[in-house]
Number of protein chains: 2
Amino acid sequence: MIPFTFEILHQSKKSRARVGRIHTPHGIIDTPNFVAVGTNGTLKALDNEMVKTIGLQLMFCNTYHLLLQPGTSVIREAGGIHKFINRNLPIITDSGGFQVFSLAYGGVADELKSKGTKKSEGSVLKITSDGVLFRSYRDGQKVLLTPETSVQAQKALGADIIIPFDELPPYHICPKALSRSLDRTHEWEKRSLEEHLKNPQGQAMYAVVHGGVDNKLREKSCKFLADLPFDGFAIGGSMGKTKEEMVTMLSATLPKLPETAPNHLLGIADLESLEACVPLGIDTFDSSYPTKAARHGTLLTHEGPLKITRGIFKNKFTSPVKGCSCYTCEHYTLAYLHHLFKAKEISGLTLASVHNLHFMVELMSQYKNKILNDII
Amino acid sequence: MIPFTFEILHQSKKSRARVGRIHTPHGIIDTPNFVAVGTNGTLKALDNEMVKTIGLQLMFCNTYHLLLQPGTSVIREAGGIHKFINRNLPIITDSGGFQVFSLAYGGVADELKSKGTKKSEGSVLKITSDGVLFRSYRDGQKVLLTPETSVQAQKALGADIIIPFDELPPYHICPKALSRSLDRTHEWEKRSLEEHLKNPQGQAMYAVVHGGVDNKLREKSCKFLADLPFDGFAIGGSMGKTKEEMVTMLSATLPKLPETAPNHLLGIADLESLEACVPLGIDTFDSSYPTKAARHGTLLTHEGPLKITRGIFKNKFTSPVKGCSCYTCEHYTLAYLHHLFKAKEISGLTLASVHNLHFMVELMSQYKNKILNDII
């Protein structure tokens, strides 16, 4: 089995941006890269075999969802997540923390990442220093998520990269509570790492840097986590109310992380943020934005978002996006895509998703080239 | 352009079943064959490029739906339905009659073909000897569907096989009214044919035989229509309350049709009906049943329907259907398909649809071989 390693191929002369390559047991992730979100072990409206043709190197699956359906024991029995979902390429799973704390803090967590929380998604019963007890929305069973059980679940899933259990504090938290939350998160991440190292199974674990928009706390978090043998560093928690706040926070935080380790920005990969964050030296970005936008009828283009349902497209018998070489743009017209959305056909969701994911792959490749040429 | 022709390759010694080949401007349809329904110019949950790999030779599109969205003028401007939807293979369109009369007679027509009529689907304003005036559910515009406008719409679409405008009487119609309806339908079909022959454009027109379960009326219908220069004959109207009634009616009706012309059974292709009707000499069958069943989580198998969501499948890490060579069965397990349905993932609908359509293609190929060997 190929061990997890990260090599930096080029450091931009113009910014902190770098081009790198992450080696995992299931293949290479060129960086900087976009990570598609397949919450339940599938990208929405796309099957994993087809997805192989798009060129996405890393897929993000959600432990919280898989824990409840089909359950980690089923996936372990299948031989791991790669076999279960038919994907012989790198996968990253999260800890489940984000979802359980979204349940607990509801509307507040929604502010952070515009993560809608359905009322049917269960309920949190108790939060202690040990972890979170919640009720499954699927069968009403109580589920205890702790650093240890989260890592055990991620061991059963067997993704290439896993994430320690952390606390996601509400956005409107007072500085003292944020500081206490950070200490708890650090304690939980340490316990997660210990649990992981009992049986690494070739998996890599990325720490999650917290501290909200408090630069001192972020620095403290970097220092604490960098002292532990994590394989990489993800940036989580509140990124602030605006892109500017996020960029300010990331500009201060990233230099505090070990340069030789890969880093990841959790849950953010809209085009504006990519433009701002690639120069800061972020290596990977995950987001459900491109697929969600697609299902809502928005195609990503270099000239801005294209709203498929606009009346002017009903007889545009040209490629949906000029010059695009994706499966959708190669085989269908804008008029047909417009029609599929107007007729509420599922195939429209699939075709728009293919385009947006292809766009992300191409976009990241362009960023790579710009870094290699020291343009950014 | 290849003209429409039909050749019979083998007549079974055991039944009226035959193996044939329909040549159309967009390629061959081997018979007997299953015709997939792509109401809006797409099979549900599948894109037409992918569908090419399944081996379906003929696709059924609905004029009523395409008339309202995107409108026939858009499709004409695109260069016809084949170009608009990216399908360079045979297509058949209906007249729109079935849908407008379903609107008019609502629950009664629903009895006939279990066609659900959404309340939002517009309303019929007037039925006269000229045709049907209805209100579009899309924009509230009045639309007049007559033999002439239906054929003109189908000329704009440009399918390989088109269907004359007919009346679909309610099932619980008195014998006198049924007889009057048949006369009107014949008049409309004649007018449709005349309109068609003004500009054949290489299209073939199949008559629609009516008469409900009244054998005398069916015979009258066959006689009337066979005297006109139609290219083939579809069986429409009420088929009776039970499969037995349908088989009795078809057994009496089919021998009254010209043997050398292709025939088609409208809207019926469930497995039980195929088993009963292939020996009667039906050449093509259309139905949305295989794709609808798929979206409801039912896989077709030779051992009967397989309900994907059954709990016992959650850890069946084998091919969904043993021995099946479809894309879905080749790449995914039953457990994963079960999971996708439990997690309400769109990709599950796609994968189940691929399997069921592949199953139909294989099944019809098996029927062909049995006929060639005089087994049926």
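Specify which of the listed residues (B:Ala45, B:Ala104, B:Ala17, B:Ala78) is within 14 Å of chain A (Cβ to nearest Cβ) and touching a residue at least 12 places away in the same chain (Cβ under 8 Å).
Unique residue meeting the criteria: B:Ala45.
Given the structure, is A:Gln201 open to solvent by 10 Å² or more (accessible area, probe 1.4 Å) and either part of a helix (DSSP H, G or I) or not aromatic (Phe, Trp, Tyr) (or both)?
Taking the combined requirement at face value, the residue satisfies it.
Go through the stretch B:20-42 and give me each residue that's closer than 26 Å to A:His338 by Cα and either within 14 Å of chain A (Cβ to nearest Cβ) or charged (D, E, K, R) (or both).
Hits for the stretch B:20-42 are B:Ala36, B:Val37, B:Gly38, B:Thr39, B:Asn40, B:Gly41, B:Thr42.
Take A:Ile346 and decide whether it is in contact with a Leu (Cβ under 6 Å, 6 or more places away or on another chain) and among the β-branched types (Val, Ile, Thr).
Answer is no for this residue.
Would you tally the residues in the stretch B:336-376 being small (Gly, Ala, Ser), facing chain A (nearest Cβ under 7 Å) and surrounded by 21 or more Cβ atoms within 10 Å (Cβ to Cβ)?
The number of residues fulfilling the criteria is 1.
Give just the number: which of (1) buried (at least 18 other Cβ atoms within 10 Å of the Cβ); (2) under 23 Å from B:Gly79 (Cα atoms) does B:Phe134 not satisfy?
(2)
Output the number of residues of the stretch A:276-292 satisfying the condition of being surrounded by fewer than 22 Cβ atoms within 10 Å (Cβ to Cβ) and hydrophobic (A, V, I, L, M, F, W, C).
2
Given the conditions (1) closer than 21 Å to A:Arg21 by Cβ; (2) out of contact with any Ser or Thr (no Cβ under 9 Å at 6 or more places or on another chain); (3) open to solvent by less than 10 Å² (accessible area, probe 1.4 Å), which single one is not true for A:Cys326?
(1)
What are the residue pairs meeting all of these: first residue in the stretch B:221-235, first residue under 13 Å from B:Pro262 (Cβ atoms) and modelled with pLDDT of 95 or more, second residue open to solvent by less than 40 Å² (accessible area, probe 1.4 Å) and of a type in the set (S, T, N, Q), Cβ atoms under 8 Å, and 6 or more apart or on different chains?
B:Gly232/B:Asn263; B:Phe233/B:Asn263; B:Ala234/B:Asn263; B:Ile235/B:Thr253; B:Ile235/B:Asn263
State all residues of the stretch A:1-35 that are touching an Asp or Glu at 6+ places or on another chain (Cβ under 6 Å), more than 18 Å from A:Leu280 (Cα to Cα) and part of a strand (DSSP E or B); if no residue qualifies, say none.
Passing the criteria: only A:Thr24.
Would you pick out the residues in the stretch B:294-320 that are over 13 Å from B:Lys342 (Cα atoms) and crowded, with 21+ Cβ neighbours inside 10 Å?
Passing the criteria: B:Ala294, B:Leu299, B:Leu300, B:Pro320.
Report whether or not A:Leu67 is crowded, with 20+ Cβ neighbours inside 10 Å, more than 17 Å from A:Thr284 (Cβ to Cβ) and more than 9 Å from chain B (Cβ to nearest Cβ).
Yes: the conditions hold for A:Leu67.
Taking the stretch B:138-178, which residues are more than 25 Å from B:His82 (Cα to Cα) and of a type in the set (S, T, N, Q)?
B:Gln141
Identify all residues within the stretch B:57-69 that are more than 22 Å from A:Arg310 (Cβ to Cβ), touching a Ser or Thr at 6+ places or on another chain (Cβ under 8 Å), outside any loop (DSSP other than H, G, I, E, B) and among the hydrophobic types (A, V, I, L, M, F, W, C); write none if there are none.
B:Phe60, B:Cys61
Which of the following residues is under 20 Å from A:Leu351 (Cα atoms), open to solvent by 10 Å² or more (accessible area, probe 1.4 Å) and in a loop (DSSP other than H, G, I, E, B): A:Thr39, A:Thr53?
Answer to the check: A:Thr39.
Could you tell me whether B:Leu274 is in contact (Cβ under 8 Å) with a residue 12 or more places away in the chain and within 14 Å of another protein chain (Cβ to nearest Cβ)?
Considered against the rule, which asks whether it is in contact (Cβ under 8 Å) with a residue 12 or more places away in the chain and within 14 Å of another protein chain (Cβ to nearest Cβ), B:Leu274 comes out as no.
Which ones in the stretch B:216-230 are part of a loop (DSSP other than H, G, I, E, B) and surrounded by fewer than 21 Cβ atoms within 10 Å (Cβ to Cβ)?
Within the stretch B:216-230, B:Asp227, B:Leu228, B:Pro229 meet the criteria.
If the requirement is being touching a residue at least 40 places away in the same chain (Cβ under 8 Å), surrounded by fewer than 24 Cβ atoms within 10 Å (Cβ to Cβ) and over 20 Å from B:Leu157 (Cα atoms), which of these qualifies: B:Glu187, B:Glu245?
That would be B:Glu187, the only listed residue that is touching a residue at least 40 places away in the same chain (Cβ under 8 Å), surrounded by fewer than 24 Cβ atoms within 10 Å (Cβ to Cβ) and over 20 Å from B:Leu157 (Cα atoms).
Restricted to the stretch A:70-118, and to residues that are in a helix (DSSP H, G or I), surrounded by 19 or more Cβ atoms within 10 Å (Cβ to Cβ) and among the β-branched types (Val, Ile, Thr), which residue is modelled with the lowest pLDDT?
So the residue we want is A:Val100.
Filter the stretch A:249-275 down to the residues that are more than 17 Å from the chain's Cα centre (by Cα), surrounded by fewer than 20 Cβ atoms within 10 Å (Cβ to Cβ), assigned to a helix (DSSP H, G or I) and of a type outside the set (D, E, K, R) and list them by number.
A:Ser251, A:Ala252, A:Pro255 - these are the residues of the stretch A:249-275 that are more than 17 Å from the chain's Cα centre (by Cα), surrounded by fewer than 20 Cβ atoms within 10 Å (Cβ to Cβ), assigned to a helix (DSSP H, G or I) and of a type outside the set (D, E, K, R).
The values are calculated or read from the model by the stated rules, or taken from the named source; none is laboratory data. Keep in mind the model is a prediction, meaning the values are calculated, not measured. With ideal geometry, Cβ positions are generated from the backbone for all residues, glycine too; neighbour counts draw on all protein chains shown. Quick note on the areas: whole protein, heavy atoms, side chains included, nothing else; ligands and nucleic acids left out. Shrake-Rupley method; radii C 1.70, N 1.55, O 1.52, S 1.80 Å.
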